[in-house]
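Below is one structure, written out as structure tokens; comments come after it.
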Amino acid sequence: MKLTSLGPEGARNMLREKQRRNRLASKELRVQFPQFATVRVDLVFNDAAAQPPAPQSIVLHPPARAYFVYPCPYVSCSGELDLAANVDDIAEHGKTRTAGRAKCNGERHGRQGKGPCDLQIDYSIAVGK
């Protein structure tokens with residue numbers, strides 16, 4: 001049997017499929033965090049080497065799945081941002097918001113081959129009670 005290496009598009013598709021399955025397996029917001037009426041996640045991207053992707057805002061309401069893992073916005077990147085622990089921290093400590101900065105953990109494929117993504121992500125999470 002011949003083994004073939006997975007290209008960047010195949011790896012991205014596998015990541016998306018894994019995230020889809022995990023999202024479907026996660027509990028609804030009203031079950032996981034009944035104390036929250038909404039959860040708003042704002043993402044702002046900074047890239048010193050290229051034009052960064054547009055900011056994103058995600059608002060979750062009670063019937064939405066409480067899934068807080070987001071893929072890197074670059075199509076050629078294998079990284080993801082996991083904010084689940086941050087939302088858990090808000091719930092455990094009775095906070096209404098948190099903010100921080102993270103770096104994409106993935107690899108990007110480009111004209112010069114593959115290398116670290118290095119996309120900087122400023123995030124803020126706010127909950128409505």
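The values are calculated or read from the model by the stated rules, or taken from the named source; none is laboratory data. No experiment lies behind these values; they were computed from the predicted model shown. Glycine also receives a Cβ, built like all others from the backbone with ideal geometry; neighbour counts cover every protein chain displayed.
Tabulated data
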| quantity | calculated |
| --- | --- |
| Filtered residues of the range 42-53 (kept if of a type in the set (A, V, I, L, M) and either at pLDDT 95 or above or surrounded by 14 or more Cβ atoms within 10 Å (Cβ to Cβ) (or both)) | LEU43, VAL44 |
| Among the candidates VAL39, VAL87, residue that is closer than 14 Å to ALA126 by Cα, in contact (Cβ under 8 Å) with a residue 60 or more places away in the chain and surrounded by 13 or more Cβ atoms within 10 Å (Cβ to Cβ) | VAL39 |
| Residue satisfying all of: in the range 96-112; modelled with pLDDT under 95 and farther than 21 Å from PRO71 by Cβ; surrounded by the most Cβ atoms within 10 Å (Cβ to Cβ) among these | GLN112 |
| Where TYR123 falls short, out of the listed (1) surrounded by fewer than 15 Cβ atoms within 10 Å (Cβ to Cβ); (2) assigned to a strand (DSSP E or B); (3) in contact (Cβ under 8 Å) with a residue 24 or more places away in the chain | (1) |
| Scope the range 60-84; condition loosely packed, with under 14 Cβ neighbours inside 10 Å and within 15 Å of ALA126 (Cα to Cα); matching residues | HIS61, ALA84 |
| Meets criteria (part of a strand (DSSP E or B) and either loosely packed, with under 12 Cβ neighbours inside 10 Å or modelled with pLDDT under 85 (or both)) for SER57 | yes |
| Residue check, ASP42 under 12 Å from the mean Cα position of the chain (by Cα) and either within 30 Å of GLY128 (Cβ to Cβ) or not in a loop (DSSP other than H, G, I, E, B) (or both) | yes |
| Long-range neighbours under 6 Å by Cβ, at least six apart or interchain, first residue within 10 Å of ALA64 (Cα to Cα) within the range 16-31, second hydrophobic (A, V, I, L, M, F, W, C) and surrounded by 11 or more Cβ atoms within 10 Å (Cβ to Cβ) | SER26/ALA66; LYS27/ALA66; LEU29/LEU60; LEU29/ALA64; LEU29/ALA66 |
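Let's see how each residue does on (1) at pLDDT 90 or above; (2) within 16 Å of THR96 (Cα to Cα); (3) assigned to a helix (DSSP H, G or I):
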residue	(1), (2), (3)
LEU3	no, no, no
GLU9	no, no, yes
MET14	no, no, yes
GLU17	no, no, yes
LEU24	no, no, yes
ARG30	yes, no, yes
GLN35	yes, yes, no
